[in-house]
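Below is one structure. I have some questions about it.
The values are calculated or read from the model by the stated rules, or taken from the named source; none is laboratory data. Since we're looking at a predicted model, the values are computed, not measured. Here the Cβ is made from the backbone with ideal geometry for all residues, glycine too, and neighbour counts use every protein chain on show.
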Amino acid sequence: MQNIKNLNKTQLMVLTGLIFASALVLSLIESMLPPLPIPVPGVKFGLSNIAVMYCLFFLGEKQAYIIAILKATFVFITRGLIAGALSLSGGILSITVMFLLLLLLKERISYLVISIFGAVFHNIGQFIVIILIYVGMNMWVYLPVLLLSGVVAGIVTSTLLRFILPALKRLV
């Protein structure tokens, strides 16, 4: 992980802002793509999570949590309370799991595995909010689809991060 002590506060704030802007652009690009042919509404690749993963891997967990909170705030403002709660719950749980994996397994774990766990737990965080909101509806049938789509999304975001990592590393 990049040592953020080499950056002063202004540089770190500017870099965090750039990464947040990148997350918004990736989210916008993803919203323009046709919906995935999956029977569960709202399942996406989560391209903006590439920015969050980069932040976690190279700037640290604090900056990654800041990006997740900013993303959730933006979603709340543009799409409403439920969408904001889903974004926040998925983002916070995802970062927490990825950070714990990095902390516990250090160099023995790949970005691919961390990304898959992050995407799966992002979906689990959102699922928890959904079952709390829609009490009485049988939402459990969607869980296997969400878990599988999390694995696929984790593979996609990890692969894309690997391709754009050289460009992102030039920012720091």
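Using the structure shown, decide if L103 is within 23 Å of L15 (Cβ to Cβ), surrounded by 17 or more Cβ atoms within 10 Å (Cβ to Cβ) and of a type outside the set (D, E). Break it down into steps so the answer makes sense when it comes.
On the way: within 23 Å of L15 (Cβ to Cβ): yes; surrounded by 17 or more Cβ atoms within 10 Å (Cβ to Cβ): no; of a type outside the set (D, E): yes.
So L103 fails the test.
Residue check, Y65 against (1) at pLDDT 95 or above; (2) within 17 Å of T16 (Cα to Cα); (3) aromatic (F, W, Y); (4) crowded, with 20+ Cβ neighbours inside 10 Å, all met but one. Which one?
Among (1) at pLDDT 95 or above; (2) within 17 Å of T16 (Cα to Cα); (3) aromatic (F, W, Y); (4) crowded, with 20+ Cβ neighbours inside 10 Å, Y65 violates only (4).
List pairs: first residue in the stretch 137-161 and over 17 Å from G46 (Cα atoms), second residue of a type in the set (A, V, I, L, M, F, W, C) and at pLDDT below 90 anywhere in the structure, Cβ distance under 7 angstrom, at least six positions apart or on different chains.
If the second residue must be of a type in the set (A, V, I, L, M, F, W, C) and at pLDDT below 90, the pairs left are Y142/V40.
Separate question: Could you tell me whether I77 is under 18 Å from the mean Cα position of the chain (by Cα), at pLDDT 85 or above, β-branched (V, I, T) and assigned to a helix (DSSP H, G or I)? Steps first, answer last, please.
On the way: under 18 Å from the mean Cα position of the chain (by Cα): no; at pLDDT 85 or above: yes; β-branched (V, I, T): yes; assigned to a helix (DSSP H, G or I): yes.
So I77 does not fit the description; no.
Looking for something part of a helix (DSSP H, G or I) and either among the polar types (S, T, N, Q) or within 14 Å of the chain's Cα centre (by Cα) (or both) - is there at least one such residue anywhere in the stretch 127-136?
Within the stretch 127-136, the subset part of a helix (DSSP H, G or I) is 127-133.
This time we only want the ones that are either among the polar types (S, T, N, Q) or within 14 Å of the chain's Cα centre (by Cα) (or both), so: none.
Looking through the stretch 127-136, none of the residues is part of a helix (DSSP H, G or I) and either among the polar types (S, T, N, Q) or within 14 Å of the chain's Cα centre (by Cα) (or both).
Yes or no: G125 in contact (Cβ under 8 Å) with a residue 24 or more places away in the chain and closer than 30 Å to N6 by Cα?
Numbers: in contact (Cβ under 8 Å) with a residue 24 or more places away in the chain: yes; closer than 30 Å to N6 by Cα: no.
No.
Let me ask something additional. Test of understanding: among V141, V145, V156, V135, which residue is surrounded by 15 or more Cβ atoms within 10 Å (Cβ to Cβ) and either at pLDDT below 95 or of a type in the set (A, V, I, L, M) (or both)? Spell out how you get there, then give the answer.
On the way: V141 fails: surrounded by 15 or more Cβ atoms within 10 Å (Cβ to Cβ); V145 fails: surrounded by 15 or more Cβ atoms within 10 Å (Cβ to Cβ); V135 fails: surrounded by 15 or more Cβ atoms within 10 Å (Cβ to Cβ).
After ruling out the rest, the residue left standing is V156.
Here's a follow-up. Looking at L112, L86, which one is over 19 Å from V43 (Cα atoms), modelled with pLDDT of 90 or more and assigned to a helix (DSSP H, G or I)? Spell out the reasoning first.
Numbers: L86 fails: over 19 Å from V43 (Cα atoms).
Only one candidate qualifies: L112.
In the stretch 137-172, how many residues are part of a loop (DSSP other than H, G, I, E, B) and among the basic types (K, R)?
Start the filter on the stretch 137-172 by keeping residues that are part of a loop (DSSP other than H, G, I, E, B), which leaves 137-139, 170-172.
Keeping just the survivors that are among the basic types (K, R) gives 170.
Counting residues in the stretch 137-172 that are part of a loop (DSSP other than H, G, I, E, B) and among the basic types (K, R) gives 1.
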